[in-house]
Amino acid sequence: MYCDVALPVPLDRAFTYELGGLEAEVGARVMVPFGGQRLVGVVVGLHDVAPGDDVEVKRVQEVMDEAALLPGELMELGKWVAAYYCAPLGEVLRGMMPLTAEVRRQWVYRIAEQGRKVLYEGAKGSSRRSKLSVEDQNRAYAVLNYLESGEAAKTATIRSATGGNKALLDAMAKKRWLVREPLAEVRDARRVESVAVLAEHEVPADAAGKRLPKLNENQLAVMAELAGCGGRELVRELRGRMSARGVPDSTLGTLVKRGLVRLEDTAQAFHVTGLKQEGKKYAHEHVLNEAQTEALGAIVAAMDKGGFRPHLLYGITGSGKTAVYIAAMQRALAAGKSALLLVPEIGLTPGTAAQMVAAFGGDVALLHSQLTPDERAEQWHRIRRGEARVVIGTRSAVFAPMPELGLILVDEEHDGSYKQEETPRYHGRDVAVMRAKLLGCTVVMGSATPSLESWQNAERGRYARVEIRERVEGRPLPKVEMIDMREEFRETGQEQLFSRRLIEETQATMDRGEQVVILINRRGYSFVVMCRSCGEKLECENCAISLTYHKGGDEQSLNGEARVGQRLECHYCGYRRTVPKACPKCQSEHLYYLGAGSQQGEERLQELFPGARIGRMDRDTVRSRGDMERLLGRLQSGEINLLVGTQMIAKGHDFHGVTLVGVVGADFALGLPDFRAAERVFQLLTQVSGRAGRGELPGKVLVQTYQPGHYVNQFAREHDYTGFAARELYFRQAMRYPPFSVLANVIIQSERLEEVLEWSTKLGRWLQGRKLEGVRVLGPAAAPNSRLKRIYRHHLVLKADRRDVLGAALREMLAVVDREEIPRRAVVLDVDPMHLM
């Protein structure tokens, strides 16, 4: 028997291996040799047809799963993702199973011929010179002697036997004394912890039947504590409480040896936003208003009817879409089905997980990037076994192996975070729709500012549109006013970050005991540093990007980490350098700092409002979900009354005390070379405006702009998404941009500019000469971000009216890539790109 295995390599094919007496199923993982290493792949086919006589067939080394981990429905979905996004199937399947914790990867070393020669000469007393110290030479000879048999050994084994550390082993490999090889092994990734269990008898007897000595005071205290806990307690918690009372940890070990207590392993508890998942509870009820009830009725009717039913839930900010989600999920569970909720960034919406745990208790599982590999594996297996019928996660959770999946919900479906920026470059929302289609179930996409693709699908009748056009408890939408910064400059004669009106309204709002949120959608202090003498911009040494200036004493994380001093930083690759005293090019001391970010905004606000309790929310102050929760807790408690931050503050937060929102410099993005620029700015303005007036008091929004007459600002002022969508779709149709066409961005990249120029020219000439029917080719040209992380980037943009035509053109182009011997890693295909940068 043979099996075809999809491996996580950039090749559009499966590889055939001999099973050699092993048994495997389609959808199971296997460990196989490939290119001098061991890789984990997924079986995609079983057969008894041997490859040709001229092909050497290797054997499967290990079958990791007795049964298929991916059911047929997910295997079919994976094949669709690979075909739609022109991605290798093996890389798609690897992303569908977040089980890296179950494979331990390490290096092994074996002696090389050069090493044998060195060992022989050393044994003969040769004075062969080496750059190694005398001590390291002695250790090196010990390592060579240990590996003389030719067998490979792991780093830890060599270290314990000879004292040779990894640095020495790597140096010996560099000298070609040793051969270093990768090794992958299967490991048990289950997270367990010890539980102390009180034995049934009180005082045991030894083997001779004699009564054991009486217990001392410490032992009695531990026994009493265990009895008070019902006879069972986690060892770590028991020891913690007893240590506080002065009882040594060794006391528990003594009780175990005497048979009074036994230790058992149990699955480690999983925590969600500080809450334990304990049992099942469905008492978290929401009283829905008339509009919410109608929306729920439409969704439930589709679920009851069965079959593929895509819905677009258009609900204005503060309309209570989450309550509708919870009610719909409760109906799904009551019908014996499971439910999946996708959110853009779970770290930015900690309240979502807390609400779901309150509603569904132990039925909830989480899947997102902030889990450790072991936690992800644990949650994935819980879901697969059917122990968690409600799953909340980011885009990769769309592949969760949920049995009896009956409802898929995509919250904030417009958010760009659903698009993956590395291979496979899938869009979580679109994959969710396809999964629902394969399963024949209901999928609901919700947003106050739907993507124009989803809106157009609803206009065409492909999606059923459900609307909630009123806020919870009849609260009004905030009043939005535009502040013309051109007029501000004419009247004051100065360029100011904050207008006089915004300053006055902020002070008045805080004087009333209310809270203010101000959006400045840039990190750092200044985002351009320029020499006034020669005009030189200080750029990243790895990227063609201006360095952002961060002032000293900036980011102290809320968990108490040390402050970081002033610096210049690249927000793409993380490169940092000190702030120069003079221009590196002309040595002028006249450096000019342009633009204002959230850090400068916080400093100015502290100067303007010395009595304000100010907080900042951006990627520099919020580095973990715990930081976000603490910051939101301080805002909710009133400890903070003025919050400044980037677009993070617009992401679905429920600020009941905020009555004023200020927007500073958001419309600069209207000038970016991106056909989605207007859509993104409108979404940002609408979403951040929605943070105001969510409590009992009405809200107000002040938008500082240099383009008050722009249609984006006009429609945002009136909360008129429908009008904006009609205007923007008119422009998109005239220019044949999505949703009236399909796009692919082909990026050619290399560390050598000459290679990028050569390869992009070859592909450009082929595409232009081929004259693919129905496909328009733009480029090749340097990408807007022409160099990132030391990688030069050129791109071509392919535009077509039909998706099948575009897909065929891309597959034909990949054949040319292979024929011209262009490395596949050098060609990135981004189908349905969210940006062309």
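I need the full set of residues from segment 319-354 which are part of a loop (DSSP other than H, G, I, E, B), more than 23 Å from Val622 (Cβ to Cβ) and not charged (D, E, K, R), in order please. Ser319, Gly320, Ala335, Gly336, listed by residue number.
Tell me yes or no: at least one residue of segment 821-833 is among the acidic types (Asp, Glu), open to solvent by 50 Å² or more (accessible area, probe 1.4 Å), outside any strand (DSSP E or B) and on the phi < 0 side of the Ramachandran plot. No, because not a single residue in segment 821-833 is among the acidic types (Asp, Glu), open to solvent by 50 Å² or more (accessible area, probe 1.4 Å), outside any strand (DSSP E or B) and on the phi < 0 side of the Ramachandran plot.
The residues listed here are Val827, Val775, Val805; of these, the one that is of a type in the set (Val, Ile, Thr) and touching a residue at least 60 places away in the same chain (Cβ under 8 Å) is Val827. Annotation: of all residues in segment 31-48 being over 29 Å from the mean Cα position of the chain (by Cα) and modelled with pLDDT under 85, the one that is nearest to Pro8 (Cα to Cα) is Gly35. Of Lys214, Lys257, Lys281, all but one fail to be within 26 Å of Leu367 (Cα to Cα), among the basic types (Lys, Arg) and either at pLDDT 55 or above or open to solvent by 50 Å² or more (accessible area, probe 1.4 Å) (or both); the exception is Lys281.
Per the listing Val681, Val644, Val661, Val712, the residue uniquely without any contact (Cβ under 8 Å) to a residue 40 or more places away in the chain and aliphatic (A, V, I, L, M) is Val681. Of the residues Gly416, Gly386, Gly406, the single one that is open to solvent by 10 Å² or more (accessible area, probe 1.4 Å) and on the phi > 0 side of the Ramachandran plot is Gly386. Being of a type in the set (Phe, Trp, Tyr) and outside any strand (DSSP E or B) is the filter; apply it to segment 567-616 and report the residue that is most open to solvent (accessible area, probe 1.4 Å). Filtering first and then ranking leaves Tyr572. Of the residues Asp65, Asp136, the single one that is of a type outside the set (S, T, N, Q), within 30 Å of Gly393 (Cβ to Cβ) and modelled with pLDDT under 85 is Asp65. Sub-6 Å Cβ pairs linking a first residue in segment 483-503 that is surrounded by 15 or more Cβ atoms within 10 Å (Cβ to Cβ) to a second residue that is part of a strand (DSSP E or B), at least 6 apart or interchain, are Ile483/Leu702; Ile483/Gln704; Met485/Gln704; Ser499/Ile483; Ser499/Gln704; Leu502/Gly662; Leu502/Leu702, ordered by first then second residue. Per the listing Gly45, Gly27, Gly36, Gly21, the residue uniquely open to solvent by 60 Å² or more (accessible area, probe 1.4 Å), under 17 Å from Met1 (Cα atoms) and not aliphatic (A, V, I, L, M) is Gly21.
In segment 732-755, the qualifying residues are those that are assigned to a helix (DSSP H, G or I) and touching a residue at least 40 places away in the same chain (Cβ under 8 Å), and the one that is farthest from Met813 (Cα to Cα) is Arg732.
Of everything in segment 625-641, what is part of a loop (DSSP other than H, G, I, E, B) and in contact (Cβ under 8 Å) with a residue 40 or more places away in the chain? Give them in sequence order. Those that are part of a loop (DSSP other than H, G, I, E, B) and in contact (Cβ under 8 Å) with a residue 40 or more places away in the chain: Gly638, Ile640, Asn641. Among residues of segment 192-221 that are of a type in the set (Phe, Trp, Tyr), none has a beta-carbon under 8 Å from a residue that is modelled with pLDDT of 85 or more at least six positions away or on a different chain.
Residue by residue, here is whether (1) open to solvent by less than 20 Å² (accessible area, probe 1.4 Å); (2) over 13 Å from Arg691 (Cα atoms); (3) not aliphatic (A, V, I, L, M) holds:
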position: Asp618; (1), (2), (3): yes, yes, yes
position: Thr621; (1), (2), (3): yes, yes, yes
position: Ser624; (1), (2), (3): no, yes, yes
position: Leu631; (1), (2), (3): yes, yes, no
position: Ala650; (1), (2), (3): yes, no, no
position: His656; (1), (2), (3): no, no, yes
position: Val664; (1), (2), (3): yes, yes, no
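If the condition is being surrounded by 20 or more Cβ atoms within 10 Å (Cβ to Cβ), under 20 Å from Arg38 (Cβ atoms) and not hydrophobic (A, V, I, L, M, F, W, C), then segment 62-90 contributes Pro88, Gly90. Within segment 751-792, the set of residues being open to solvent by 30 Å² or more (accessible area, probe 1.4 Å) and under 29 Å from the mean Cα position of the chain (by Cα) comprises Glu751, Ala782, Pro784, Ser786, Arg787, Leu788, Lys789, Arg790, Ile791, Tyr792.
The values are calculated or read from the model by the stated rules, or taken from the named source; none is laboratory data. None of the values given here were measured: they were computed from a predicted structure. Here the Cβ is made from the backbone with ideal geometry for all residues, glycine too, and neighbour counts use every protein chain on show. Just so you know, the surface numbers come from the protein's heavy atoms only, side chains and all, with ligands and any DNA or RNA stripped out. Shrake-Rupley method; radii C 1.70, N 1.55, O 1.52, S 1.80 Å.
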